[in-house]
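The values are calculated or read from the model by the stated rules, or taken from the named source; none is laboratory data. Please read these numbers as outputs of a predicted model, since none were measured by experiment. FYI the Cβ positions are ideal-geometry reconstructions off the backbone, even for glycines, and counts take in every protein chain you see. Keep in mind that these areas ignore ligands, DNA and RNA; they rest on the heavy atoms of the full protein, side chains included. Shrake-Rupley method; radii C 1.70, N 1.55, O 1.52, S 1.80 Å.
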Amino acid sequence: MSEFDDLYQAIILDHYRKPRNRGTVPDASVRVDGKNPLCGDEVHLELRLDENGRIEDIKSSGHGCSISQASISIMTELVKGRTFDEGKQVCESVRTMMRGGEVDEEAMGELIALKGVSKFPVRIKCAMLSWTTFELAMAEFKAGRDGAGAMVSTEDEK
Ligand code: ZN
């Protein structure tokens, strides 16, 4: 283990033990669910958007492994206050990182703690669950729906 691995592990455990933005959004614009059957990770996301598509509030609930739960916690912190399209750019950077590609590490914030996951293909779905579910929320909102009954599974992701 390098000292970077230790630092990244500490960030993941901190978010796992003290997840940020847990709970529900009473006047949510969209609510969606995601699951990762391979590991048993589940997430429920609730978001409130303003008229410009900016994420005013985002909360999560669910359960799963430390990678999935840390990823969700970090994601909610990163996308809050941003528009869906800005969040989508972060999502694409995470996907690139999981495929071993080069990313702007400074722009990744605490997400960089998940970089080591890219070496473990089975765990990539754990790390991507939050973002796949975020993309579902975006698709539902842009289609004028509130997400009722919408569920995404990482099994469907290539
Ligand atoms: Zn997992």
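Take the conditions (1) more than 16 Å from the ligand (Cβ to nearest atom); (2) of a type in the set (Asp, Glu); (3) outside any loop (DSSP other than H, G, I, E, B); (4) within 19 Å of Ala150 (Cα to Cα); Asp27 misses just one of them, which is (3). With respect to the numbered conditions (1) in a strand (DSSP E or B); (2) open to solvent by less than 40 Å² (accessible area, probe 1.4 Å); (3) within 16 Å of the ligand (Cβ to nearest atom), which one is the sole condition not fulfilled by Asp33? Only one criterion in (1) in a strand (DSSP E or B); (2) open to solvent by less than 40 Å² (accessible area, probe 1.4 Å); (3) within 16 Å of the ligand (Cβ to nearest atom) is unmet by Asp33, namely (2).
Taking the stretch 56-106 as the range and being assigned to a loop (DSSP other than H, G, I, E, B), on the phi < 0 side of the Ramachandran plot and either more than 16 Å from the ligand (Cβ to nearest atom) or crowded, with 21+ Cβ neighbours inside 10 Å (or both) as the test, the residues that pass are Lys80, Arg82, Arg99, Gly101, Glu102, Val103, Asp104. Filtering the stretch 107-158 to residues that are assigned to a helix (DSSP H, G or I), among the charged types (D, E, K, R) and open to solvent by 40 Å² or more (accessible area, probe 1.4 Å) leaves Glu110, Lys115, Lys119, Arg123, Lys125, Lys142, Glu155, Asp156. Contact annotation: residue pairs with Cβ atoms under 8 Å, 6 or more positions apart or on different chains, pairing a residue in the stretch 124-144 that is among the aromatic types (Phe, Trp, Tyr) with a partner that is near the ligand (Cβ under 10 Å from one of its atoms), are Trp131/Ser71.
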